[in-house]
Amino acid sequence: MERKRVLSGNRPTGRLHLGHLVGILDNWVQMQKDYDCFYEVADWHVLTTSIENSSAIPEHTREMVLDWFAVGIDPEQSTVFVQSRVPEHAELHLLFSMLATVSRLERNPTYKEQINELNLGDQVSYGLLGYPVLQAADVLIYRAHAVPVGEDQLPHLEFTREMARRFNYVFGEVFPIPEPHLTRAPRLPGIDGRKMSKSYNNAIFLTDDPDTVYKKVWNIVTDPGRIRLKDPGNPEVCHVYSFYQVFATERTGVVGQECREAERGCTGCKKELVEILIKLLQPIQKEREKYQEEPGLIEDYLAHGTEKAREEAIKTMKAVRQKMGVGRI
Ligand code: TRP
Ligand code: SF4
């Protein structure tokens, strides 16, 4: 039986952190077992918000893909490719742009958030407004059945589903309606308690060495009500405890109880967490080195993956043009 297809992607913004690992990558790795997986470096999407930084994209792509391979994305098994090297995405994006209304795009919550967060005012590009149109093209050009993403991507995925339905209804069945696949992991905060993010400067990176991990864990905000060792703590408001909930579920019972009964100090609690994280990161970093040692390996895999991806994209575009009746006489 043919395996169902997965597509997901990430914008290349450099090295990845623990938030990426539990929010997306674990899920990607897992899905390789049961699905035919396509994983995309969404480099055009980066341009929607940081066009003036485009010269950083090659290095960011390299770092991100190294992290993907390091955590267990297997380039021999999955198709790992670069968006901008498959020009058919641009063609489908153009055709979808005729099916997408401006008012629908303006209602997209992610779009509104970005305008506020980046303070864009009237500097919003046509490309940023069309971000979900490009994402819909990414997913649908591979006729994907499932899209493993973080919760923040759900509005984009809903839009993708609308595009698929709309196209199928107007021109005839081409696209399966893709389903989101969310991770089960609880949300991982950064060391300051906000969402872990490179731009908040609160992330623990997959490439952080033991010293760096130690220093960062030291700065994780604990229960602010617990001043002395003999004060009973409340793990529910402690961000160190949030890390246990994600990375050491088997320890949460004991840790929680000892904290509440003031039998565990925050220093020891953090030390244990440092050990847990170092143990988690070591094999990832070792695997990363293997790929790093051989120059050209990443490029070879990307070239190979892109070729395979492009074949599929070309097939879909043939069907799309055919159904729409464009390009024929
Ligand atoms: N918007 C996604 C992000 O910011 C990246 C992305 C681009 C994507 N194309 C995609 C995700 C297709 C899933 C499917 O992470
Ligand atoms: Fe947090 Fe551990 Fe301190 Fe409790 S003992 S407040 S769980 S760091």
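Quick check on Ile227: is it farther than 27 Å from Gly9 by Cβ, at pLDDT 95 or above and not in a helix (DSSP H, G or I)? Against the criterion (farther than 27 Å from Gly9 by Cβ, at pLDDT 95 or above and not in a helix (DSSP H, G or I)), Ile227 does not qualify.
Within region 69-95, being outside any loop (DSSP other than H, G, I, E, B), within 13 Å of ligand 1 (Cβ to nearest atom) and open to solvent by less than 30 Å² (accessible area, probe 1.4 Å) holds for Phe81, Val82, Gln83, His89, Leu92. Scanning region 119-145 for residues that are assigned to a helix (DSSP H, G or I) and more than 10 Å from ligand 1 (Cβ to nearest atom) gives Tyr126, Gly127, Leu128, Leu129, Val133. Checked against (1) within 24 Å of Arg184 (Cβ to Cβ); (2) away from ligand 1 (no atom under 16 Å from the Cβ); (3) not basic (Lys, Arg), Asp211 meets all criteria but (1).
Looking at Lys286, Lys271, just one residue is away from ligand 1 (no atom under 16 Å from the Cβ), without any contact (Cβ under 8 Å) to a residue 12 or more places away in the chain and over 30 Å from Ser78 (Cβ atoms), and that residue is Lys271. Picking from residues in region 152-170 that are touching a residue at least 60 places away in the same chain (Cβ under 8 Å) and open to solvent by 60 Å² or more (accessible area, probe 1.4 Å), the one that is farthest from ligand 2 (Cβ to nearest atom) is Val170. Among the residues here, Ala203 qualifies as within 16 Å of ligand 1 (Cβ to nearest atom) and of a type in the set (Gly, Ala, Ser).
Restricting attention to region 295-314, does a residue exist that is closer than 30 Å to Leu95 by Cα and not in a helix (DSSP H, G or I)? No - not one qualifying residue is present in region 295-314. Count of region 96-118 residues, restricted to those that are in contact (Cβ under 8 Å) with a residue 24 or more places away in the chain and part of a helix (DSSP H, G or I), is 8. Just one of (1) surrounded by fewer than 19 Cβ atoms within 10 Å (Cβ to Cβ); (2) hydrophobic (A, V, I, L, M, F, W, C); (3) within 16 Å of ligand 1 (Cβ to nearest atom) fails for Ala248. It is (3). For region 269-276, the criterion of being closer than 27 Å to Trp68 by Cβ, away from ligand 2 (no atom under 11 Å from the Cβ), touching a Leu at 6+ places or on another chain (Cβ under 6 Å) and not assigned by TED's automatic domain parsing to the domain that holds His20 is met by none of the residues. Look at region 214-242 and say how many of its residues are among the basic types (Lys, Arg) and open to solvent by 90 Å² or more (accessible area, probe 1.4 Å). Total meeting the criteria: 3.
So that you can scan it fast, the table gives a plain yes or no per residue for (1) modelled with pLDDT of 95 or more; (2) not charged (D, E, K, R):
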position: Asp138; (1), (2): yes, no
position: Glu151; (1), (2): no, no
position: His156; (1), (2): yes, yes
position: Asn168; (1), (2): yes, yes
position: Phe175; (1), (2): yes, yes
position: Lys198; (1), (2): no, no
position: Phe205; (1), (2): yes, yes
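Could you check, for region 232-246, whether at least one of its residues is hydrophobic (A, V, I, L, M, F, W, C), within 27 Å of the chain's Cα centre (by Cα) and assigned to a loop (DSSP other than H, G, I, E, B)? Looking for residues that are hydrophobic (A, V, I, L, M, F, W, C), within 27 Å of the chain's Cα centre (by Cα) and assigned to a loop (DSSP other than H, G, I, E, B), one finds at least one in region 232-246, hence yes. Quick check on Asp211: is it surrounded by fewer than 19 Cβ atoms within 10 Å (Cβ to Cβ), charged (D, E, K, R) and away from ligand 2 (no atom under 16 Å from the Cβ)? Here the answer is yes, as Asp211 does meet what is asked.
Looking across Arg15, Arg11, one residue alone is over 23 Å from Gly130 (Cα atoms) and open to solvent by 40 Å² or more (accessible area, probe 1.4 Å). It is Arg15.
The values are calculated or read from the model by the stated rules, or taken from the named source; none is laboratory data. Keep in mind the model is a prediction, meaning the values are calculated, not measured. All Cβ positions, even for glycine, are placed from backbone atoms using ideal geometry, and neighbour counts span all protein chains on display. Surface areas here come from the heavy atoms of the whole protein model, side chains and all, with no ligands, DNA or RNA. Shrake-Rupley method; radii C 1.70, N 1.55, O 1.52, S 1.80 Å.
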